[in-house]
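Asker: This is the structure, below, for whatever I ask next.
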Amino acid sequence: MSNHSLKIPAGKSVPNVKSIIAANLFNVLKKAFANYINYQLDSNLEIGYAHVYDTVNVYFPEVIKGIAFTIIVTEHELNVVDDTKGSSYNTALLEQHLINFLTEIAA
């Protein structure tokens, strides 16, 4: 699937300096993100992930119903889209920690 024809929704972007592909990002998230965010928040959140083509979805099933964030991976950036917009969820802190984690691994 080519990213050149893909319309990327507005979101927050992280430069993909290390040229991470979606499959590798999915594996890194599964192995390390839960420990990272739970340490940052002093919590024990359950986190789920799904990967299709150039997209990785992130779920916080104990907190948010459905997909919380979609990460669209391109050659140049990781674009994080908040899928809870318009809902009553306040995801700013979760999103900030996700952005920080992605910046550490991709930039």
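The values are calculated or read from the model by the stated rules, or taken from the named source; none is laboratory data. Please read all numbers here as calculations on a predicted model, not as lab measurements. Glycine also receives a Cβ, built like all others from the backbone with ideal geometry; neighbour counts cover every protein chain displayed.
Asker: Under 7 Å between Cβ atoms, which residue pairs at least 6 apart in sequence (or on different chains) link something in region 82-99 that is over 14 Å from ILE67 (Cα atoms) with a partner that is outside any helix (DSSP H, G or I) and at pLDDT below 95?
Answerer: What qualifies is ILE99/LYS12; ILE99/VAL14.
Matching residues to (1) modelled with pLDDT under 95; (2) in a loop (DSSP other than H, G, I, E, B); (3) within 17 Å of ASN27 (Cα to Cα):
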| residue | (1), (2), (3) |
| --- | --- |
| PHE69 | no, no, yes |
| ILE72 | no, no, yes |
| LYS85 | yes, yes, no |
| SER88 | yes, yes, no |
| GLU95 | yes, no, no |
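Asker: State the number of residues belonging to region 57-67 that are assigned to a strand (DSSP E or B) and among the β-branched types (Val, Ile, Thr). Talk me through it step by step, then tell me what you get.
Answerer: If we filter region 57-67 for residues that are assigned to a strand (DSSP E or B), which is where we start, we get 57-59, 67.
Cutting the leftovers down to among the β-branched types (Val, Ile, Thr) gives us 58, 67.
Count: 2.
Asker: Condition test on ASN27, is it part of a helix (DSSP H, G or I) and either within 19 Å of ILE105 (Cβ to Cβ) or touching a helix residue (DSSP H, G or I) at 6+ places or on another chain (Cβ under 6 Å) (or both)? Give the derivation first.
Answerer: On the way: part of a helix (DSSP H, G or I): yes; either within 19 Å of ILE105 (Cβ to Cβ) or touching a helix residue (DSSP H, G or I) at 6+ places or on another chain (Cβ under 6 Å) (or both): yes.
Yes.
Asker: Out of everything in region 38-50 that is surrounded by fewer than 18 Cβ atoms within 10 Å (Cβ to Cβ) and within 14 Å of the chain's Cα centre (by Cα), what residue ends up being farthest from GLY11 (Cα to Cα)? Talk me through it step by step, then tell me what you get.
Answerer: Step one: of region 38-50, the residues surrounded by fewer than 18 Cβ atoms within 10 Å (Cβ to Cβ) are 38-46, 48-50.
Cutting the leftovers down to within 14 Å of the chain's Cα centre (by Cα) gives us 48-50.
Numbers: GLY48: 20, TYR49: 18, ALA50: 19 Å.
Looking at the filtered set, the residue picked out is GLY48.
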